[in-house]
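Student: Sharing a structure, written as structure tokens. Questions coming.
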Amino acid sequence: MSDILPAVCAPAIRAGHPRPGPGPASGPPAMRRALILGAAAVAAVLLAAPLAVILASALAEGPRAALAALAEPAARSAIGLTLLVAAIVMPVNLVVGIAAAWTVARFDFRGKAALLALIELPFSVSPVVVGLALVLLYGSGGILAPVLAPLGVKIVFALPAIVLATLFITFPFIARALIPLMQEQGAAEEEAALTLGAGPLRMFLTVTLPNIRWTLLQAVLLCNARAMGEFGAVAVVSGKIRGQTATMPIMIEMLYNEYLSTAAFAMSGLLAALALVTLALKARLEDVRPGAAAARGHP
């Protein structure tokens with residue numbers, strides 16, 4: 001059954017109907033060259049140049065100085081806290097994001113537009129506002145303080161608030177990446193699997209997950225990069241306590257304000273390198289995913 005289920009559930013609507021790739025470029029060659037050069041110039045000025053300056057400044061006093069700055073206890077604490085927050089946030093976003101995408105893509109219900117608006121809310125709300133809202137809810141003088149204080153639960157200026165702020169900011173990435181894909185694919189394969197006797201879990205693992213895995217992996221990478229780089233909301237709820245609640249972006253600001261340029265640029269270089277690795281992995285996934293060559297117009 002497990003061997004024939006994916007084959008039987010292959011979408012008949014896609015059989016013999018390959019997705020059309022991009023057509024030949026239109027327009028005068030001079031215009032195409034101008035557009036390409038313009039896009040490259042904008043990317044170089046706005047994206048490549050700042051990253052190059054950061055990496056060059058991090059190594060200005062030599063690799064040993066940069067590594068020594070990263071080996072400081074406060075720096076190691078910031079790196080560990082950033083990785084810990086990302087490790088907590090990613091599984092939660094993975095489960096909740098898939099569930100939200102499934103709900104929106106597979107069901108029609110009253111309030112669906114409102115749910116979509118809530119999913120996209122973190123894209124439009126300033127992270128600082130998010131941090132302030134968490135302080136007003138969970139702070140020592142917040143709305144929930146009478147409930148949390150007797151229990152000895154501390155959320156603001158501690159790890160829980162950092163996780164909550166990061167969860168709010170990164171929540172839309174996975175859901176918004178999966179919703180249009182799942183809507184386009186439809187539910188025909190999943191319904192066929194259920195008809196053949198597969199349970200919901202087996203149907204998800206053998207039909208749904210293989211269909212969304214490449215987009216899901218790319219969304220996870222982007223979500224992880226955003227989680228590690230979040231500053232605004234975390235700056236409000238963390239208290240910026242060195243060695244305790246200072247993440248890498250917070251630590252960069254603290255070091256720069258203290259005129260510790262080498263340490264600040266070293267930490268910035270490490271965070272930028274992590275972002276570049278994430279983008280490289282995303283690009284690699286786009287290259288190896290099925291149909292990538294056809295989508296680029298290659299045989």
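The values are calculated or read from the model by the stated rules, or taken from the named source; none is laboratory data. Small disclaimer: the values here were computed from a predicted structure and weren't measured. FYI the Cβ positions are ideal-geometry reconstructions off the backbone, even for glycines, and counts take in every protein chain you see.
Student: Can you name the helices (runs of 4 or more DSSP H) wholly within region 177-233 that have at least 1 residues being closer than 17 Å to residue 95 by Cα?
Tutor: 200-203, 209-229
Student: Mind counting the residues in region 120-151 that are touching a Gly at 6+ places or on another chain (Cβ under 9 Å) and assigned to a helix (DSSP H, G or I)?
Tutor: Summing the residues that are touching a Gly at 6+ places or on another chain (Cβ under 9 Å) and assigned to a helix (DSSP H, G or I) in region 120-151 gives 10.
Student: I've got another one for you. All but one of (1) surrounded by 13 or more Cβ atoms within 10 Å (Cβ to Cβ); (2) closer than 21 Å to residue 100 by Cα; (3) touching a helix residue (DSSP H, G or I) at 6+ places or on another chain (Cβ under 9 Å) hold for residue 209; which doesn't?
Tutor: Checking residue 209 against (1) surrounded by 13 or more Cβ atoms within 10 Å (Cβ to Cβ); (2) closer than 21 Å to residue 100 by Cα; (3) touching a helix residue (DSSP H, G or I) at 6+ places or on another chain (Cβ under 9 Å), the one that fails is (1).
Student: Let me ask another. Provide a single number: the residues in region 257-289 that are surrounded by fewer than 18 Cβ atoms within 10 Å (Cβ to Cβ), modelled with pLDDT of 90 or more and part of a helix (DSSP H, G or I).
Tutor: 1
Student: I would also like to ask the following. Consider only pairs whose beta carbons are under 9 Å apart and that are at least six residues apart or on different chains; among these, list those whose first residue lies in region 105-118 and is assigned by TED's automatic domain parsing to the domain that holds residue 208 and whose second residue is aromatic (Phe, Trp, Tyr).
Tutor: Qualifying pairs under 9 Å: 115/109.
Student: With 149, 188 as the choices, which residue is farther than 30 Å from residue 77 by Cα and either of a type in the set (A, V, I, L, M) or assigned by TED's automatic domain parsing to the domain that holds residue 120 (or both)?
Tutor: Checking each option against the conditions leaves just 188.
Student: Among the listed residues 186, 239, 243, which satisfies the condition of being in contact with a Phe, Trp or Tyr (Cβ under 8 Å, 6 or more places away or on another chain) and on the phi > 0 side of the Ramachandran plot?
Tutor: 239
Student: Tell me which of these residue 242 doesn't satisfy, since it passes every other one: (1) surrounded by 17 or more Cβ atoms within 10 Å (Cβ to Cβ); (2) not in a helix (DSSP H, G or I); (3) not polar (S, T, N, Q).
Tutor: Every condition holds for residue 242 apart from (1).
Student: It is to be established whether one or more residues within region 152-174 are more than 26 Å from residue 234 (Cα to Cα), assigned to a helix (DSSP H, G or I), in contact (Cβ under 8 Å) with a residue 40 or more places away in the chain and small (Gly, Ala, Ser).
Tutor: no
Student: Pull out all pairs, ordered by first then second residue, where Cβ-Cβ is under 6 Å, the residues are six or more apart or on different chains, the first lies in region 222-244 and is touching a residue at least 40 places away in the same chain (Cβ under 8 Å) and hydroxyl-bearing (Ser, Thr, Tyr), and the second is surrounded by 21 or more Cβ atoms within 10 Å (Cβ to Cβ) and assigned to a helix (DSSP H, G or I).
Tutor: Note: pairs meeting the criteria are 238/162.
Student: OK, next. Take region 101-117 and flag every residue that is hydrophobic (A, V, I, L, M, F, W, C) and more than 17 Å from the chain's Cα centre (by Cα).
Tutor: 102, 104, 105, 107, 109, 113, 114, 115, 116, 117, listed by residue number.
Student: Say we look at region 114-133 and pick out the residues that are aliphatic (A, V, I, L, M) and touching a Phe, Trp or Tyr at 6+ places or on another chain (Cβ under 8 Å); which of these is surrounded by the most Cβ atoms within 10 Å (Cβ to Cβ)?
Tutor: 130
Student: Those residues that are among the small types (Gly, Ala, Ser), crowded, with 22+ Cβ neighbours inside 10 Å and over 17 Å from the mean Cα position of the chain (by Cα), I need them from region 149-192; list them, please.
Tutor: 161
Student: Can you run down the residue pairs with Cβ atoms below 8 Å, 6 or more apart or on separate chains, where the first is in region 35-51 and aliphatic (A, V, I, L, M) and the partner is at pLDDT 85 or above?
Tutor: These pairs meet every condition: 51/272.
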